[in-house]
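Enquirer: I have a structure I would like to understand better, so I am pasting it below and will then ask my questions one at a time.
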Amino acid sequence: MNSNDNDILLLREMVEESVARKMKSPADFIFLTGVIQERCHETLSVSTLKRIWGYVDGYDITRFSTLSILARCVGFRDWDDFTANHHRTGESSHLVLGNTLYATEISENARLAITWAPDRRVLLQHLGDGNFKVMESENSKLKPNDTFHCTCFVIGHPLYLDNFARGSNPPTMFVVGNKGGLTTVERRG
C-alpha cells in the first residue's frame, strides 16, 4: 500500500481521534504502541508507526497486515473492511462512518442507551469531553458508576473504552461488543 494513499491519511486521523492524541512526538508513538497492544493484542513498532505518520522517512509501501492492525484498533475487522466502509462528505476532512455518533455531538449530561449481543443494555450519562458514567447496566460486565472515555459509538463495531475506571482500581482499557459490535445507540436527552 502506498503510504501517501488518502485511505491511510483517513485511518491516521481516526486513530488519533480514537486515542484523543495527535502523533507529534516520540512519546506519542510510544503511547500509541501501548494502546494498540491493549486493544488488539498485537505489536507495531514505534519506528513503523513513525514511518506511517511521516514522522521519519522510510519505505513508501505499508504492509496490509500493519494497516489491518491499525484498522482493528479503531473498530474495523481489517484494512479491507476499513476501505470498504468509510467515505468523505464534501470537502470535510472528518471520517464519516455509517451509523456513527461522535461524543462531540452529545450534550453534557445527556443520556445514551447502548445495546450489543446477546442481550446487553447499558444506560450512560455524558459527563462532558467524551467522558461517560454508567447509570444502569443489564447483563453486562459494566456496572453503575463505572466511568470511561470514548470518542465515538459505531453500530456494528466494538466500543473501545479508554481510561475505564471502577472504584479505586487504576484506569485501564475495556472493550464491549467484541463479537458483532454495538447493535443500537439511542440518545435519551
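The values are calculated or read from the model by the stated rules, or taken from the named source; none is laboratory data. Every value quoted in this text rests on a predicted model; they were computed, and no experiment measured them. Reconstructed Cβ throughout: ideal geometry from the backbone, glycine too, with neighbour counts over all protein chains shown.
Enquirer: Scan region 14-32 and report the pairs whose first residue is in contact (Cβ under 8 Å) with a residue 40 or more places away in the chain and farther than 17 Å from ARG51 by Cα and whose second residue is surrounded by 15 or more Cβ atoms within 10 Å (Cβ to Cβ) and hydroxyl-bearing (Ser, Thr, Tyr), with Cβ atoms within less than 9 Å and a gap of 6+ or a chain change.
Expert: Qualifying pairs under 9 Å: GLU17/TYR102; GLU17/THR151; SER18/THR151; SER18/TYR160; VAL19/THR151; ALA20/THR151.
Enquirer: Exactly one of these conditions fails for ASN145: (1) farther than 22 Å from GLU105 by Cα; (2) under 17 Å from the mean Cα position of the chain (by Cα). Give me its number.
Expert: Of (1) farther than 22 Å from GLU105 by Cα; (2) under 17 Å from the mean Cα position of the chain (by Cα), only one is false for ASN145: (2).
Enquirer: Please verify whether ASP81 is of a type outside the set (Gly, Ala, Ser), in a loop (DSSP other than H, G, I, E, B) and at pLDDT below 85, treating the condition exactly as stated.
Expert: So ASP81 does not fit the description; no.
Enquirer: Looking at region 16-64 only, could you name the residues that are assigned to a helix (DSSP H, G or I) and either in contact with a strand residue (DSSP E or B) (Cβ under 8 Å, 6 or more places away or on another chain) or assigned by TED's automatic domain parsing to the domain that holds ASN131 (or both)?
Expert: GLU17, SER18, VAL19, VAL35, GLU38, ARG39, listed by residue number.
Enquirer: Against the condition under 28 Å from ASP129 (Cβ atoms), buried (at least 19 other Cβ atoms within 10 Å of the Cβ) and not assigned by TED's automatic domain parsing to the domain that holds GLY130, how does LEU67 come out, does it pass? So that I can check it myself, show each step before the final result.
Expert: On the way: under 28 Å from ASP129 (Cβ atoms): no; buried (at least 19 other Cβ atoms within 10 Å of the Cβ): yes; not assigned by TED's automatic domain parsing to the domain that holds GLY130: yes.
Here the answer is no, as LEU67 does not meet what is asked.
Enquirer: For a quick check of your reading of the model, give me the residue pairs whose first member lies in region 147-165 and is under 13 Å from VAL74 (Cβ atoms), whose second is of a type in the set (D, E, K, R), with beta-carbon atoms closer than 8 Å and at least 6 apart or on different chains.
Expert: CYS150/ASP162; THR151/GLU17; CYS152/GLU17; TYR160/ARG39
Enquirer: Within region 8-31, restricting attention to residues that are among the aliphatic types (A, V, I, L, M) and within 12 Å of the chain's Cα centre (by Cα), which residue is nearest to ARG63 (Cα to Cα)?
Expert: Result: LEU11.
Enquirer: Being of a type outside the set (A, V, I, L, M, F, W, C) and modelled with pLDDT under 90 is the filter; apply it to region 131-162 and report the residue that is farthest from LYS22 (Cα to Cα).
Expert: Kept after step one, since they are of a type outside the set (A, V, I, L, M, F, W, C), are these residues of region 131-162: 131, 133, 136-141, 143-147, 149, 151, 156-158, 160, 162.
Retained after the next criterion (residues that are modelled with pLDDT under 90): 151, 156-158, 160, 162.
Working: THR151: 14, GLY156: 26, HIS157: 23, PRO158: 22, TYR160: 18, ASP162: 16 Å.
The extreme case among them is GLY156.
Every residue, every condition in (1) among the charged types (D, E, K, R); (2) at negative phi, yes or no:
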position	(1), (2)
SER137	no, yes
SER140	no, yes
LYS143	yes, yes
THR151	no, yes
ASP162	yes, yes
SER168	no, yes
VAL176	no, yes
GLY180	no, no
THR184	no, yes
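Enquirer: Within region 103-121, track down each residue that is part of a strand (DSSP E or B) and over 14 Å from ARG187 (Cβ atoms).
Expert: Within region 103-121, TRP116, ARG120, ARG121 qualify.
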